[in-house]
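Have a look at the structure below before the remarks.
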Amino acid sequence: MADKSVVEKEKGGKVQIFDTTLRDGEQSPGCSMNTEQKLQIAHLLAEMNVDVIEAGFPIASPGDFEAVKRIAQEVKGPQVAGLCRANDKDIDRAWEALQHAEEKARIHTFIATSELHLVHKLRMTESEVVNAARAAVKRAASYSAGNVEFSAEDAVRTRLPFLAQVITEVIDAGATVVNIPDTVGYTTPWEYGQIIAFLREFVPNINQAIISVHCHNDLGLAVANSLSAVMAGARQVECTINGIGERAGNCSLEEIVMALRTRGDIIPFYSDVVTEKIVPASRLLVATTGMQVQRNKAIVGGNAFAHEAGIHQHGFLMDKRTYEIMTPESVGLKESKLPLGKHSSKRVLANRLKAMGFTFSKEEIEELFMRFKELADKKMEVFDDDLLTLVQGDSAEDDMFVVNLIEGSFNSESEAKAYVSLECDGKDKEFECKGNGPVDAVFKAIKEITKTDYRLDVFSMDNVTKGISAQATCSVVLEAYDRTFSGHGVHTDSIAAAGMAYTNALNKIVKWELHQLEVFEKEESDKVIAS
Ligand code: KIV
Ligand code: ZN
């Protein structure tokens, strides 16, 4: 893999990264954020060194206004943009929020240009749209020292000569960035590239503005379309963390940035994004919105740096580049994962057991491998704690934490509450607290009692039997010591099942800690014997 600094020096130019997680991203169902949460994400985006943060749509709500204002006041580094329609009231409100960013404030104004939108939504003629766009850009430029972005909403479905006319007019009126959105995710890479090339040829003043692209992912082509536009002359890409956004989302920041970084050999452009912040940003967004990332999502999905097939694991152990085109470190992960499952080989199992501190003879490995395959047929993934059980046997008697009682309650008028009582190393302890739903409250109470705080990686709930007395089965995966620990719980009350699963995972972590201690003590005593 080429060194980043070397690649950058050889590249043709910079692509500005315009992050719209807090505006278009926040428009996705279930992704609303409050001002404090938006500020936290904006600070991380600044650490990532994105060029522009679109902080919100100030006229949309007092909350949006406040968030844009606070981000403009408090976040240092990137330019801060606020969205507004092409009318005086919207623009004035946007400036009221943005003015605190002073020279770094960008007003982003838009109006639709496609016939479909003109006839059925705006009920305006083409010349009325041109006049509104010109007036909006002029007004915005008078506030933000000329830092004005204009978007032609639904540009991709706009008559090309009219699109060229609108873009010419807004640049003439003072727009310094012209955005050509694929609002409905309709275009394809070659068509989009041709649209950008057309504008570069037929908009006489195009060199006075930066061409920006803003792609939605309805056909799963947002990143490919954005890359094609860059190759055709666009120099700003609008994107979001985890690709969140209206409907199927926007161009994903992590994918476009890593495509630029990884394929510098054929895409001669770079971004200034600190790619090592990608996974922390993705995780912060998931923690903030509760919107999970699919496991096989490029770059930030749980499986993006995981190899399960025996042949792949074997190749990876010989030379990582056989199956990895990027390093996990480059996106902010510590290391790749070799999850153990039914496709894993004996060699990989032996390696993992060795890394866990066990030494076995060839015959013992043969026997363990047979039992491992039986287990792997039943379980999707075999975790280190499962291996520990495979080697040491399972005895609930050794559990550090034993559930006495778990109760959660919730009604629409009050907050969720939980009461948890655990026996901790022989002593009864209890805790009562409120939470963001009864399961959250139960987990909070368990964390408080056990004085632990591990990252919850997976949470799933199923009914194993039907009917009124159905048993709920809950599974959780916690992350600790750069490993994952699974826990399961079964109960007629799903809240209790969740608490039991969480406690089960904690017990496995404690057993892992004890095992690590044993390995350490054995190594120390071996050293003493050797000396
Ligand atoms: O998708 C779109 O067209 C937009 C514009 C407001 C830029 O989000
Ligand atoms: Zn959009």
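Report every pair of residues separated by at least 6 positions or lying on different chains whose Cβ atoms are under 7 Å apart, first residue within the stretch 442-457 and surrounded by 19 or more Cβ atoms within 10 Å (Cβ to Cβ), second among the hydroxyl-bearing types (S, T, Y).
Listed by first residue and then by second, the contacts come to F443/Y502; I446/Y502; I446/T503.
Within the stretch 309-390, which helices (runs of 4 or more DSSP H) (wholly inside it) include 2 or more residues that are over 29 Å from E513 (Cβ atoms)?
Details: elements: 310-318, 346-355, 362-378.
It comes to 310-318, 362-378.
So which of E126, E153, E169, E103 is away from ligand 2 (no atom under 15 Å from the Cβ), under 34 Å from the mean Cα position of the chain (by Cα), in contact (Cβ under 8 Å) with a residue 24 or more places away in the chain and open to solvent by 10 Å² or more (accessible area, probe 1.4 Å)?
On the way: E126 fails: under 34 Å from the mean Cα position of the chain (by Cα); E153 fails: away from ligand 2 (no atom under 15 Å from the Cβ); E169 fails: under 34 Å from the mean Cα position of the chain (by Cα).
One residue alone meets the criteria, E103.
Can you tell me which of (1) modelled with pLDDT of 90 or more; (2) of a type in the set (G, A, S); (3) open to solvent by 70 Å² or more (accessible area, probe 1.4 Å) is the one S330 doesn't meet?
(3)
Counting only residues that are part of a helix (DSSP H, G or I) and polar (S, T, N, Q), how many does the stretch 13-63 have?
Residues of the stretch 13-63 part of a helix (DSSP H, G or I): 25-27, 35-48, 62-63.
When the remaining residues are screened for being polar (S, T, N, Q), the result is 27, 35, 37, 40.
Residues flagged as part of a helix (DSSP H, G or I) and polar (S, T, N, Q) within the stretch 13-63 amount to 4.
Is it fair to say V490 is among the aliphatic types (A, V, I, L, M), closer than 30 Å to P438 by Cβ, surrounded by fewer than 21 Cβ atoms within 10 Å (Cβ to Cβ) and at pLDDT below 85? Steps first, please.
Values: among the aliphatic types (A, V, I, L, M): yes; closer than 30 Å to P438 by Cβ: yes; surrounded by fewer than 21 Cβ atoms within 10 Å (Cβ to Cβ): yes; at pLDDT below 85: yes.
Yes.
Sort through I266, I299 and tell me the only one that's without any contact (Cβ under 8 Å) to a residue 40 or more places away in the chain, away from ligand 1 (no atom under 16 Å from the Cβ) and not in a helix (DSSP H, G or I).
Going through I266, I299 in turn, just one is without any contact (Cβ under 8 Å) to a residue 40 or more places away in the chain, away from ligand 1 (no atom under 16 Å from the Cβ) and not in a helix (DSSP H, G or I): I266.
If you scan the stretch 33-44, which residues turn out to be under 11 Å from L285 (Cα atoms) and open to solvent by 30 Å² or more (accessible area, probe 1.4 Å)?
Q37, Q40 - these are the residues of the stretch 33-44 that are under 11 Å from L285 (Cα atoms) and open to solvent by 30 Å² or more (accessible area, probe 1.4 Å).
Scan the stretch 188-232 for residues that are part of a loop (DSSP other than H, G, I, E, B) and either open to solvent by 10 Å² or more (accessible area, probe 1.4 Å) or out of contact with any strand residue (DSSP E or B) (no Cβ under 9 Å at 6 or more places or on another chain) (or both) and jot them down. Break it down stepwise before answering.
Of all residues in the stretch 188-232, those part of a loop (DSSP other than H, G, I, E, B) come to 188, 203-205, 209, 217-221.
The answer is T188, P204, N205, A209, N217, D218, L219, G220, L221.
Of the residues that make up the stretch 333-356, is at least one over 18 Å from F316 (Cβ atoms) and among the small types (G, A, S)? So that I can check it myself, show each step before the final result.
Looking only at the stretch 333-356, we keep the residues that are over 18 Å from F316 (Cβ atoms), and these are 356.
Now drop any that are not among the small types (G, A, S), which leaves none.
Taking every residue of the stretch 333-356 in turn, none turns out to be over 18 Å from F316 (Cβ atoms) and among the small types (G, A, S).
Look at the stretch 74-100 and say how many of its residues are within 16 Å of ligand 2 (Cβ to nearest atom), among the small types (G, A, S) and open to solvent by 10 Å² or more (accessible area, probe 1.4 Å).
Pass one, the stretch 74-100, residues within 16 Å of ligand 2 (Cβ to nearest atom): 81-86.
Add one more test, that the residue is among the small types (G, A, S), and what stays is 81-82, 86.
Subset that is open to solvent by 10 Å² or more (accessible area, probe 1.4 Å): 86.
Selection size over the stretch 74-100: 1.
What's the number of the only condition in (1) surrounded by fewer than 17 Cβ atoms within 10 Å (Cβ to Cβ); (2) in contact (Cβ under 8 Å) with a residue 40 or more places away in the chain; (3) of a type in the set (D, E, K, R); (4) within 16 Å of ligand 2 (Cβ to nearest atom) that K121 fails to meet?
Result: K121 fails condition (2) only.
The values are calculated or read from the model by the stated rules, or taken from the named source; none is laboratory data. Small disclaimer: the values here were computed from a predicted structure and weren't measured. Note that each Cβ is placed from the backbone with ideal geometry, even for glycine, and that neighbours are counted across all protein chains shown. Surface accessibility is based on the protein's heavy atoms, side chains included, excluding ligands, DNA and RNA. Shrake-Rupley method; radii C 1.70, N 1.55, O 1.52, S 1.80 Å.
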